[in-house]
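Participant: Please see the structure below; I have some questions.
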Amino acid sequence: MRQPLGLPFLSKINLVYNINYFMFVFLKRKTIMRTFSQTLFFFLFIGITNLLPAQTTITGKVTDKKNPLVAVSITLKDTYDGATSDSSGRYSFKTSEKGEFLLTATSVGYRPFEQKITLSGQGTMTIDIVLKEEVTELSAVVISAGTFEASDRKRAAAVLNSIDIVTTASANGDVTGALKTLPGAQQIGESEGLFVRGGTAAETKIFIDGTLVNNFFHSSTPNIASYGRFSPFLFKGTVFSTGGYSALYGQALSSALILESIDLPERTSASLGLSVIGVNGGYQELSKNKKFSWGGAYAYTNLAPAFAIIKQKQEYSQVPEFHSGDVNFRIKTSATGILKYYAYFNKSRLDFTVKSIDTIGYLDRFAVANFNMYHNLSWKEKLGKRWQINAGLSYTNNKDDIRSGMKDAGKNEVVLPGLEWKKFALDLDANYFNAKLVLERKLKGLSAIRFGGEYNYSDEKSVYTLYNGQEFPDRLKENIKSAFAEGDIYITNALAAKIGTRFEQSSLLEKTNIAPRFSLAYKVSKHAQASLAYGIFYQNPERRYLPSPNDLVFMKATHYVAQYMKVTSVRTLRAEVFYKKYDNLVKTGFANGRDGVAINNNGFGDAKGIEFFWRDKKTIKNVDFWVSYSFLDTKRDFLNFPYAITPNFAAKHTASIVMKKFVQAWKIQFNGAYNYASSRPYYDIRFDGSRYYFADMGKVQDYHNISVAFNYLPTIGKPNAKNFAVYVLSISNAFGIKQVYGYQYSYNGLRKEQIVPPSRVFVYIGAFFSFGIDRSQEAVDRLF
Amino acid sequence: MKKTILILSAILVAGFSFAQMPDKFVKAMEAKMAAIDTTISVQGLTDLANAFERIAETEKNQWLAYYYAAYCNASAGLMAGSGGDIMTAKADKTDPYADKAEKQIKKAEELMKDNSEIFVVKKMVATLRMIGDPMNRYMTYGPEAQAALDEAKKLDANNPRVYLLEGQDKFFTPQEFGGSKEEAKILFEKAQKLYETFKPASTVHPNWGKGTVAYFLSQYK
């Protein structure tokens, strides 16, 4: 629940300009009569002078072979003579030039035309011109199967813009929140991450400026979804692939979330935020030549005040408390290059108890203290006309100290016989280093080839301490080296293909893989296109099931995606069908005295479904809304599943409605969202000494969530306003509908209990202020 | 002393550029300039922009030809972008005009530095960019338009077009967003006063907007 903001609505004052130019047209009409006589004079004047020398008339029609082209500029090169084609594509002009000349025709979106002509000084020359369409990003087909884009680029796949990420009511200012209202993603509330098309959250990998982010979310807490660490305001572009993503990315069986950070800020500014959950402040300075910026921010979050009012299921002896800070600098290295550095630090802790399901009268305790440090350095530069380089480095250090145990009614730590295992300590210390280099060479038109390499290093240490003090230290290092190449081939403006391959080598598995990727897009009409995508995706077994006593291989997924999309400036329709096949999923069992250890890769599964997305800015006046629906049919046999079943993180039907409305007179922006998921299955899987079996199973009730948010922007539209303020009130699950995510079972299997959110309703109240510091006057003063 | 030198050199440069204006150029320009005030369609303004562009590309050293080409393209774009839902992105319609206008005004600026009129057109281009995608471009092009207008005023506080554009902004902005018909009136009156004394440097130098101001002031009666 951080910084919900509605900056774009400041732009309402732009309606001014539309009215302006309506008026402009009327005004011009008024002045016609006044200037008519003057004009007549000029026409006569030109007419007379033009009669004198010998003249050639050049006339013709401009087409794109089929249709006439309007407003094409036809020029007799190096003369003043020429014309502009009219609504039927016709043009005509007279010239008194003689001799050899170049006749040129130019129009935006078409390749320039040139023809040599010889003027004799008399008669009429008829020259019909056919212009060929230029392959441009605006007009060309977009390879979009499996991809959602949230950015301000004018592209077909951009179904959201960057500000939608923060103004979606149910998103609560979390980067992944808005993405959960798109088809393909599940409504999972008991843990963090994006569960895409029957995949687990671990099957979605997140990248910032090209490089992998290892701890995108805050440390996991049982049955509570953690927030993402990064503010959505850090990013200007988001690409969310629900299948068939590019060969530039790997190690994700289901999905890639690719985030692009912002460039230099518009101006120097300071910001301050106050809310029921904490305070934050920041400063960004832009250098006078606008080529360098630096800044930092600090946020203190403490949920005590909020939890005092909104009753939580958990009883906290330490409410969640976060100190987080970031520093950054950005340097424009040239007209086309930028170097960006961003660092993030976090120190947080929480400690709570819940009523124990295992023994009545006792409490289960969980505590986690986290330290996280993340550094990202990236560089983008154009080398010459055709080459582009994208390089990135990231380093993460993450420490989690987890404490689990039991307490009696008097809050004293106890160890109960038979439940000794509930008391443990787990100390994790992990270092991650990622590097990536991508070189791109532009070919003819929009075609391009890209190639490069990626290196992912991880060193994860853990110490597991039993109730009796016995320690089990463990350390696992992994080096994944990857190479990739990919080509965008635009056969015509309407037909394009992307062909790629990725090669990966894992030092831990001592295995390599080669993953081909292929997609094709065809423009059916001016606004509609159809695309296909196919690809093989590999991923290492998850760290938490390692080390394994046996040799493991990569897990594998094969995607098939077909998409139809129709996009106009006010409406977007997107329909997608997919089939995903899983092979070599990890099966777990007992090994080295532990349950849940990867023992082989005999798991498998599949997922198929159909998804619809509809965004409409026109049908309801002044309301922008989108609707998504997903149908998912998936089964898998992995981990300890006795056989292939629909996993507990997959609902068959998922739907969302998101709406946004700005009421200009009140300066209030209303955001609402409704999310729905049909009942998910739940299972109690137990081991009888030789095999796993279902001790119990069932289905939870349907999930409904209605969220609303009100943003009040009192300073909106004040011209030259250097400062602005936003006041926010947001309510999650506004009607307090009971939500059940699943069931958990007691150790002996005799009792089960619903997994529900910590509170039914959550209310957030906050204010955000930004103070622009304009130095232009200072600069002017120094000059004179 | 510094200022005197500046003014002197400005006069010299100006004088130099008049001397550089061939007859043929002036005649062609005058003919097209007369059409500016009577052209009320996107197609017509595009036609004019193309005509100015032909003159500009033939002469290559006349900033005025580039200036008018940019002005006509910006006007055509603003007209093409009017109508329909305001908040809807229409950059696909307006950006081609902005692209052209931007290139041309840049060329004009290369030939004629620190000219108030050029910044007036730059303001128009920034505004055109903004209406192409208001939701996402406000934060970039709003300040850019304002900066261009400020610069235009700084370079020539007596340029009536600066106050005309400023007045229009005030006139059409709803009151709750900082608009004010009264403040607009003061600006229009200031513009009108300046038009009375404004003398274009030649027959082909910018002199548009007088009728527009008169129209706005007539709205107050």
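The values are calculated or read from the model by the stated rules, or taken from the named source; none is laboratory data. Predicted, not measured: the structure shown is a model, and the values here were computed from it. Counting neighbours? That spans all protein chains shown, and the Cβs are built from the backbone with ideal geometry, glycine included.
Participant: Could you please let me know if B:Thr140 is within 9 Å of chain A (Cβ to nearest Cβ), under 26 Å from B:Phe52 (Cα atoms) and either in a loop (DSSP other than H, G, I, E, B) or at pLDDT below 90 (or both)?
Facilitator: No: the conditions fail for B:Thr140.
Participant: Looking at (1) under 27 Å from A:Val700 (Cβ atoms); (2) crowded, with 18+ Cβ neighbours inside 10 Å, which is the one condition that is false for A:Met565?
Facilitator: A:Met565 satisfies all of (1) under 27 Å from A:Val700 (Cβ atoms); (2) crowded, with 18+ Cβ neighbours inside 10 Å except (1).
Participant: Could you list, in sequence order, the residues of segment A:328-349 that are closer than 28 Å to A:Ala304 by Cβ and either outside the structural domain of A:Leu303 (by TED's automatic domain parsing) or more than 22 Å from the chain's Cα centre (by Cα) (or both)?
Facilitator: Answer for segment A:328-349, where residues must be closer than 28 Å to A:Ala304 by Cβ and either outside the structural domain of A:Leu303 (by TED's automatic domain parsing) or more than 22 Å from the chain's Cα centre (by Cα) (or both): A:Phe345, A:Asn346, A:Lys347, A:Ser348, A:Arg349.
Participant: Taking A:Gly361 as meeting all but one of (1) part of a strand (DSSP E or B); (2) on the phi > 0 side of the Ramachandran plot; (3) small (Gly, Ala, Ser), write down the number of the exception.
Facilitator: (1)
Participant: A:Tyr629: more than 30 Å from A:Met555 (Cβ to Cβ), within 22 Å of the chain's Cα centre (by Cα) and not in a loop (DSSP other than H, G, I, E, B), yes or no?
Facilitator: No.
Participant: While we're here: Looking at A:Thr654, A:Thr619, A:Thr588, can you tell me which residue is in the same structural domain as A:Ala247 (by TED's automatic domain parsing), among the hydroxyl-bearing types (Ser, Thr, Tyr) and surrounded by fewer than 16 Cβ atoms within 10 Å (Cβ to Cβ)?
Facilitator: A:Thr619
Participant: Quick one: is A:Ala156 in a loop (DSSP other than H, G, I, E, B), at pLDDT below 90 and of a type in the set (A, V, I, L, M)?
Facilitator: yes
Participant: Let me ask something else. Just for strands (runs of 3 or more DSSP E) wholly inside segment A:648-739: which have at least 3 residues that are under 23 Å from A:Gly199 (Cβ atoms)?
Facilitator: Strands (runs of 3 or more DSSP E) meeting the threshold: A:653-663, A:668-677, A:681-687, A:692-699.
Okay, residues lined up against (1) within 14 Å of another protein chain (Cβ to nearest Cβ); (2) closer than 25 Å to A:Lys332 by Cα; (3) in a strand (DSSP E or B):
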| position | (1), (2), (3) |
| --- | --- |
| A:Ala252 | no, no, no |
| A:Ile258 | no, yes, yes |
| A:Leu264 | yes, yes, no |
| A:Gly281 | no, no, yes |
| A:Glu285 | no, yes, yes |
| A:Ser293 | no, yes, yes |
| A:Gly296 | no, yes, yes |
| A:Tyr300 | no, no, yes |
| A:Gln312 | no, no, no |
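Participant: Determine which member of the set A:Ala304, A:Ala335 is within 15 Å of A:Asp263 (Cα to Cα), surrounded by fewer than 19 Cβ atoms within 10 Å (Cβ to Cβ) and of a type outside the set (Ser, Thr, Tyr).
Facilitator: Result of the check over A:Ala304, A:Ala335: A:Ala335.
Participant: If you don't mind, another one. Out of A:Tyr538, A:Tyr522, I need the residue that is touching a residue at least 24 places away in the same chain (Cβ under 8 Å), part of a strand (DSSP E or B) and surrounded by fewer than 19 Cβ atoms within 10 Å (Cβ to Cβ). Which one?
Facilitator: Criteria check complete, one pass: A:Tyr522.
Participant: Would you mention how many residues in segment A:229-261 are touching a helix residue (DSSP H, G or I) at 6+ places or on another chain (Cβ under 9 Å) and modelled with pLDDT under 90?
Facilitator: 6
Participant: Mind listing just one residue for me: the one in segment B:193-221 that is over 30 Å from B:Lys24 (Cβ atoms), buried (at least 19 other Cβ atoms within 10 Å of the Cβ) and in contact with a Leu (Cβ under 7 Å, 6 or more places away or on another chain) and, of those, modelled with the highest pLDDT?
Facilitator: Going through the qualifying residues, I end up with B:Val213.
Participant: Taking segment A:670-691, which residues are in contact with a Lys or Arg (Cβ under 7 Å, 6 or more places away or on another chain) and modelled with pLDDT under 95?
Facilitator: Within segment A:670-691, A:Phe670, A:Asn671 meet the criteria.
Participant: Residues in segment B:50-62: is at least one at positive phi and at pLDDT 85 or above?
Facilitator: Yes, segment B:50-62 has at least one match.
Participant: Related question: Of the residues A:Tyr727, A:Tyr747, which is over 30 Å from A:Pro642 (Cβ atoms) and modelled with pLDDT of 85 or more?
Facilitator: Matching residue, one of A:Tyr727, A:Tyr747: A:Tyr727.
Participant: If you take the residues in segment B:165-192 that are modelled with pLDDT of 80 or more and surrounded by fewer than 18 Cβ atoms within 10 Å (Cβ to Cβ), which one is farthest from the other protein chains (Cβ to nearest Cβ)?
Facilitator: Going through the qualifying residues, I end up with B:Glu189.
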